[in-house]
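Chemist: Input: one structure, supplied below.
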Amino acid sequence: TKHMFHLLPTDPNKYRWIILPICFLLIAITNGLTLGGLPVFDEKIMQSLKEISGEDILVGDLKIKSGITLWSAGVFGIFSGIIADKFGVKKLMIIGLLILSGCFWQYGKADSLMDMYIIHAFMGLVLCVSGMIVNVILISRWFSNNRGLAIGILLAGTSVGNGTFPQINTILLSMGDWREVMSWLSMVPLALIPLLLMLVKDGPEDLADSKIKEEALKNDAKPLTGFTLTQALKNRNFWFLSLMAFCTFYSILAMADHVFLLLRNENYPAQVSATGVSLIFFGGFVGKFFSGKLAEMIGRKAVLLSGVGIMLIGSILIVLAIFYKDPILVWGGLALYGTGWGGLYTLIQLLTADLFGLLSLGKIMGVINILDTLGGGLGPVMTGYLYDLTQSYLVPFSVITCLLIVAFISSSLLQIDDKQIEANR
């Protein structure tokens, strides 16, 4: 082990490329386990709880657990940045993985929806202390140059995790009872902890080479500029960006959380239905990976509008597929939906920093995080209740299409000056 550490670079410009793939893997696991991988359990859970209680479980009631994950993430997200600054990102990540392991261990023992609601509240906490916010903070500390590219690659990890775990979980469900599978998955976060302990450092200042780190810190020591939270709240761009985030988070979480049940209702096999979930997130991977660089080449607003527009077209195709029972429209719509989401998701993160600066970025991101997680939490729940009322996904997915129209209008009203943004960097 000592020889391995001697081989690690001490130059921050090199070591950051060790940090990035670790963060990519961490965010893939936390998102894949808590979000994308869970919908494939829905049928098994509903059957199991019906056997215990003797009553049918409504889809809307089941999906409250998904809403709780996002809403608790919104509440805890306000404090995660402050805690990370005080105690260090690395410690938070490890704590989050321990909590995540415990969540899945307890999930296998849950006998009621209330048990699951409590578990999902802790999953929201995991998303804050081991998910996007702390990973973005860590990557921002290590990358002063190529930060947009690094964040784009990082966020692509959410799509890899959300796209991979539905397939993994479906295979595991063919090998054992859903409760057994939950206990198996509880081991996954624990396997990542040794890697974090050995390799993750909270910033360049933790490297051994003091001369190099001092030089790196000197180069990065620029005065912070930008909006205060109060100023941001008075700025129209803040509200247009927040409205767009609310609508698109509602839409992506609603679609991702229900597409498995949608395809099962259309009599697709479980593995094929899980592929529908994966297709959304693998499309998101493509969008996230390329959108940051494209934004610098052709302009942020053009890429943002393209992302929302592609997502909207995908939503329309899915609604038409439900109406006409056309499988080609379903799969084409899902691919476009995910790709469009990936592009605009990266732009939301970049534009928050670009439009409002670094002065109060944590606070501004925290408020936007509350609004988008509110939408993200409402998406699965409202879609479930609308399905229960109509016994069809036509109405709830039509609502999604209307919200994406609102998101497109809101995006078009954003005032973005690419030249000024580049000059301020």
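The values are calculated or read from the model by the stated rules, or taken from the named source; none is laboratory data. Every value quoted in this text rests on a predicted model; they were computed, and no experiment measured them. Quick reminder, even Gly has a Cβ in these numbers, built from the backbone with ideal geometry, and neighbours come from all protein chains shown. The accessibility values were calculated without ligands, DNA or RNA, using every heavy atom of the protein model including side chains. Shrake-Rupley method; radii C 1.70, N 1.55, O 1.52, S 1.80 Å.
Chemist: State the Kirkwood hydrodynamic radius of region 1-160 in Å, one decimal place, computed from all pairs of distinct Cα atoms.
Modeler: Across region 1-160, the inverse of the average 1/r is 17.2 Å.
Chemist: Now a separate question. Nearest 20 debye, what's the magnitude of the dipole of region 250-340 about its Cα centre given +1 on Lys and Arg Cβ and -1 on Asp and Glu Cβ?
Modeler: Rounded to the nearest 20 debye, it is 240 debye.
Chemist: Could you sort the peptides 305-311, 244-250, 400-406 by per-residue average Cβ neighbour count (10 Å cutoff), highest mean leading?
Modeler: 244-250, 305-311, 400-406
Chemist: Please work out, to two decimal places, the log10 of the ratio I(q)/I(0) at q = 0.19, 0.23 Å⁻¹ from a Debye calculation in which every Cα of region 219-323 carries one identical scatterer.
Modeler: -1.10, -1.31
Chemist: So, R0 is 45 Å and r is the distance between the beta-carbons of MET198 and SER112; what FRET efficiency does that work out to, to 0.05?
Modeler: Once the sixth-power term is evaluated, E becomes 0.65.
Chemist: State in Å² the accessible area per residue of the chain; use a 1.4 Å probe, count heavy atoms of protein chains only, and round to the nearest integer.
Modeler: 42 Å²
Chemist: What does the extension gain come out to for ASP206 and GLU296, with contour length at 0.36 nm per residue minus their alpha carbon separation?
Modeler: Answer, rounded to one decimal: 29.3 nm.
Chemist: Further question: To the nearest 10 degrees, how steep is helix 210-220 against the longest Cα principal axis of the chain, on a 0 to 90 scale?
Modeler: Approximately 70 degrees, to the nearest ten.
Chemist: Taking the highest mean first, how do the peptides 381-394, 45-58 order by number of other beta carbon atoms within 10 angstrom per residue?
Modeler: Ranking, from highest mean packing down: 381-394, 45-58.
Chemist: Stick to Cα atoms and the Kirkwood definition of Rh, then tell me Rg/Rh for region 37-113.
Modeler: In region 37-113, Rg relative to Rh is 1.09.
Chemist: Based on a Kirkwood Rh over C-alpha pairs, give the Stokes-Einstein translational diffusion coefficient of the chain at 25 °C and viscosity 0.890 mPa s in µm²/s.
Modeler: For these conditions, the coefficient is 112 µm²/s.
Chemist: Considering all alpha-carbon pairs of region 106-166, what whole percent are spaced by more than 15 angstrom?
Modeler: It works out to 63 percent of all Cα pairs.
Chemist: Largest first, please: the extent of the C-alpha atoms of region 302-377 along each principal axis, to the nearest Å.
Modeler: 51, 27, 12
Chemist: How many percent of the alpha carbon pairs in region 71-212 exceed a separation of 23 Å?
Modeler: Roughly 42 percent, rounded to a whole number.
Chemist: Further, regarding this structure: Helix-only estimate, please: 222 nm mean residue ellipticity of the chain, summing -39500 (n - 2.57) across DSSP H runs of length 4 or more and dividing by its residues, to the nearest 500.
Modeler: Result for the chain: -28000 deg cm²/dmol, rounded to the nearest 500.
Chemist: Helix 12-31 sits at what angle to the longest principal axis of the chain, using alpha carbons and giving 0 to 90 degrees rounded to 10?
Modeler: Compared with the principal axis, the helix lies near 20 degrees.
Chemist: Plugging the Kirkwood radius over Cα pairs into Stokes-Einstein for region 299-425, at a temperature of 10 °C and a viscosity of 1.306 mPa s, what D comes out in µm²/s?
Modeler: Stokes-Einstein gives a translational diffusion coefficient of 99 µm²/s.
Chemist: Calculate the FRET efficiency for PHE79 and ASP417 from the Cβ-Cβ distance with a Förster distance of 30 Å, rounded to the nearest 0.05.
Modeler: Plugging the Cβ-Cβ distance into 1/(1 + (r/R0)^6) gives 0.35.
Chemist: Would you mind telling me the share, in percent, of accessible area of the chain contributed by carbon and sulfur at probe 1.4 angstrom?
Modeler: 67 percent
Chemist: By how many degrees, between 0 and 90 and to the nearest 10, does the Cα long axis of helix 361-390 differ from the longest principal axis of the chain?
Modeler: The two axes meet at around 10 degrees.
Chemist: Separate question: Just how far, in whole angstrom, is region 252-299 from region 397-411 if you go by their alpha carbon centroids?
Modeler: 17 Å
Chemist: I would also like to ask the following. Order the peptides 65-73, 291-299 from the highest to the lowest mean number of other Cβ atoms within 10 Å of their residues.
Modeler: 65-73, 291-299
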